[in-house]
Structures are given as structure tokens and as C-alpha cells.
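A.B. asks: Questions regarding the structure given below will be posed in turn.
The values are calculated or read from the model by the stated rules, or taken from the named source; none is laboratory data. Because the structure is predicted, anything quoted here is derived from the model rather than measured. Because the Cβ atoms are built from the backbone with ideal geometry, glycine has one as well, and the counts that use them run over all protein chains shown. For accessibility, only protein heavy atoms count, side chains too; no ligands or nucleic acids. Shrake-Rupley method; radii C 1.70, N 1.55, O 1.52, S 1.80 Å.
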Amino acid sequence: MEELARESISLLAKPTLDTDGPRLGSLGAIFIMLKSALGAGLLNFPWAFEKAGGIHSAVAVEMVSLVFLISGLVILGYSSSISGQNTYQAVVKDVCGPAIGQLCEVVFVFNLFMISVAFLVIVSDQLEKLCISLYELITGLPETDMPYHWYTHPHFALILLCVFLILPLSIPKEISIQKYISVLGTLAATYLTVAIIVKYHTLEDSEVHIPPLYTSGISSWASMFSVIPTICFGFQCHEACIAIYSSMENKSLSHWVFISVVSMFFCLVIYSLTGDDVLMIIARLLFGISIITIFPIILLLGRSVIQDPLLSFRRRFHVVTESYENCSRVGLTVAWITITLLIAMFIPDISKVISIIGGISAFFIFIFPGLCLVFAMQSEQVSFKTRVVLTTWGMITLICGAFIFGQSTTIAIIQLLNKI
């Protein structure tokens, strides 16, 4: 990741503007935060709402989760300010030590890689449905009469998308450029939400399936816990938050709290409205296509974890030139896209893998922020009462994250083994 923030900033102090590169304003930061979170999760939330036992139960789980989601974002922004680092893994390594930092790097790359695969599989699935819908609309013939050629296969369309759209968007080394394509994705998510609500209220009562408002008993609690990985997956933007924070013009902590609250609030509204029902297939297809704009952000973050050690190693023996940096960046980008594309083309169903991804996201939303807060309180000059309260909150966050990771990963593995 490019060094966009070169100096540490003081808590709640007015920041110094860095004019060496493009900086993010409040609106650009919110758009990138929204685009990092809004994606495949939007397609899964209707299932999560019904699985949780109804609208009331699901929104209750969302509200409780929102406390930890915003807390994690604030902790990471604060940790970035006191450490002077501008990537997630660098902040964890500086605040928590090299051992935890190396664990973060491994989990970070694996999580982003699997998210990239999941996005490509979803895009491939949506492309196939789109082709079928267009064929039936244009010809008036059923899907069974659709001729199949190598150039009509969804994998071929996916390859073209990767080469001509995803690759050019992924090569730049600055995250600031993503604010422009983030606007497109966020507008697509808004369109999907509005379209579902309009369609929902225009259907006849007999055509509308409304999930129960509540359920009771042990099964209800079990169902509510089972959708937490989906919620974590849907709201997950914590890996990108430090890069976004480091690129902002105003890096005061109070301003970052505002950005975090606004971003998570809009996510909550969009997910909650969309979770009522899924009736607009065309709208879902449109948004399924639009989620490819998330891929460059995910790739940029994962690439930085791999590229930074490579450049550091080369500096020991040679001068790292701009051409070498460009070649390594392009090479890693091409390799990342190629490998994830190959995996996505040969995995027909990764629903259980997404459950594992949701469990792994607990590391970035709960576990690592909790560790950062606990370690930061051991070195920062704060009052005894503040240290005790924040350390306790860090431990609560850490324990909740460990529980979510263990519970969701165990369930996903058991379900996967039962299918073998």
C-alpha cells in the first residue's frame, strides 16, 4: 500500500494536510466505506432475515452487532493515529507486536483471497442468469432451447470482465481513485433497495411471502446466532478502513467517528430494507454485476500485504526503482486475478465457504481491534479509570470475536463434512 499518511496525528487534533497525493474528503470516504461493505452480503440478507426468525429478530441482531462494528472502526482509526501506520496489518504489528502482526498478515491475505473468489463466483452466476433472461426476452423461447457455444458460456464472459474491466481498475496503487467507481456501486445498491420496496408494495397480498415477525424458544436463539457470520460478511469493511482513514484530508478521531457511524447507519438501513423480501430478479442481477467494483479494493489491500515484504527484501541488496515497483504490482495483480478466476470457474457452490469467510471476518471486526485496544491502553498516557474501562471493552470485544469465529467455523466445517 502506498504511504499516504507519513506522520502520526494527535488524538482529536486538527490534522496537517499532505499535498503529495490525492486525499479523500468526507463524501469520498463514506462512499468507499459503503462500497467495501455493500456487496454479496446484500444478496444474502433476505435469507439471513428469515433464518433469524423474522424482521424483528434480525434487526435486533444487527443493532447489537452495529455497536461492535462501529467500535472496531473507531479503535482501528485510533490505533492508526497513535502508530503512524496506514495499513491494517502494519497497525496490528506496531500496536500488538510482531507475532500477532504476522498472524494478522496471514489471515488478512487468506480472507481477502477467499472474498475475491466468492465475488467472482457470484458474478459468474449472475452473468449466467442474465444471459438466460436476455435470451428468453429477445427470442421468446424457453431456456431449454437456448444454443450453447463456447462464446456464450458464462466463464467466457467472466474472463472478458476480468481482462477488460477488473484488471484495469485493479492496477493503480492508490485507493483514492476507487471513490469514483464506489459511487456507481453504492447507487446500484440504493436502486436495488428502492426497486424491492416498490415491487413489494405493488404485488398482490397472495403473491407476497412475509417472514414471521418473531419466533420464540431455543431454536430462535440458535437461528439468530447462525446469521451472525452473514451479518459480519455483509458489514465487513474493516480491512479497508485504515487505508481509507490514512487517505483522508481530515484525520481527527472525532471526524472518523462521524464517518464510521454514517457509513454503518446507511449499511444498516439498506440491508434492513432489502431483507424484507427478494422479488426483483432483474435488480439483483444488476447489483450482482455491480459488485465487481469491490474487487479492485479487495485486491489492492491483499496485494499490499504481499508486495511490501518483497520490496523490503529487495531494498537490502538493490535500490527499488519505480519501474521495479510497477512491474511487481502488475505481476501480483495479474497473478491474483488469474488464480481467483481459475478457482471461481471450477467451484459451482461456495455457500459453505462464505460461512467460513464470515467467521474469519470476526478477526478483523472483533479480535484484532480488541487486541489493539488492550495493547494500546498499556502504553498510552490515560487515566486509570479510562484504562480499566477501555481494556475491559477490548477484552469483551476479543471474547465475542473468538466465540463468533469458533461457532461459525465449526458449523460450516460440520456442514461441509456432512456433504462429503
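A.B. asks: For Met248, list long-range residues whose amide hydrogen, built 1.01 Å from N in the peptide plane, is under 5 Å from its own amide hydrogen.
C.D. replies: Amide H neighbours of Met248, under 5 Å, 5+ apart: Leu24.
A.B. asks: At a Förster radius of 22 Å, what calculated FRET efficiency corresponds to the Cβ-Cβ distance of Ser323 and Glu249, to the nearest 0.05?
C.D. replies: 0.10
A.B. asks: Distance between Cα centroids, the stretch 89-150 to the stretch 365-420: provide it in whole Å.
C.D. replies: 27
A.B. asks: Something else about it: Quickly rank 72-80, 259-267 as a protection proxy: mean count of other C-beta atoms within 10 Å, highest first.
C.D. replies: Descending packing order for the listed peptides: 72-80, 259-267.
A.B. asks: Less than 13 Å Cβ to Cβ from Cys372, Lys/Arg counted +1 and Asp/Glu -1: what total charge do the surrounding residues give?
C.D. replies: For residues surrounding Cys372, the net value is -1.
A.B. asks: Something else about it: If you count, for each residue, the other Cβ atoms within 10 Å and average over each peptide, how do 147-156, 87-96 line up from highest to lowest?
C.D. replies: 87-96, 147-156
A.B. asks: Could you compute how much accessible surface Ile100 exposes when probed at 1.4 Å, giving the result in Å² to the nearest 10?
C.D. replies: 40
A.B. asks: Which ³J(HN,Hα) values in Hz, rounded to whole numbers, follow from the phi angles of the stretch 159-167 under the Karplus curve 6.51 cos²θ - 1.76 cosθ + 1.60, where θ = phi - 60° and Gly and Pro get x?
C.D. replies: 4, 4, 4, 5, 6, 9, 10, 5, 4
A.B. asks: Further question on the same structure: How far apart, in nm, are the 7 Å Cα→Cβ label points at Ile132 and Asp145?
C.D. replies: About 1.7 nm separates the two model spin labels.
A.B. asks: Testing the spin-label approximation: label points 7 Å from Cα along Cα→Cβ at Val67 and Ile347. State their distance in nm.
C.D. replies: 3.4
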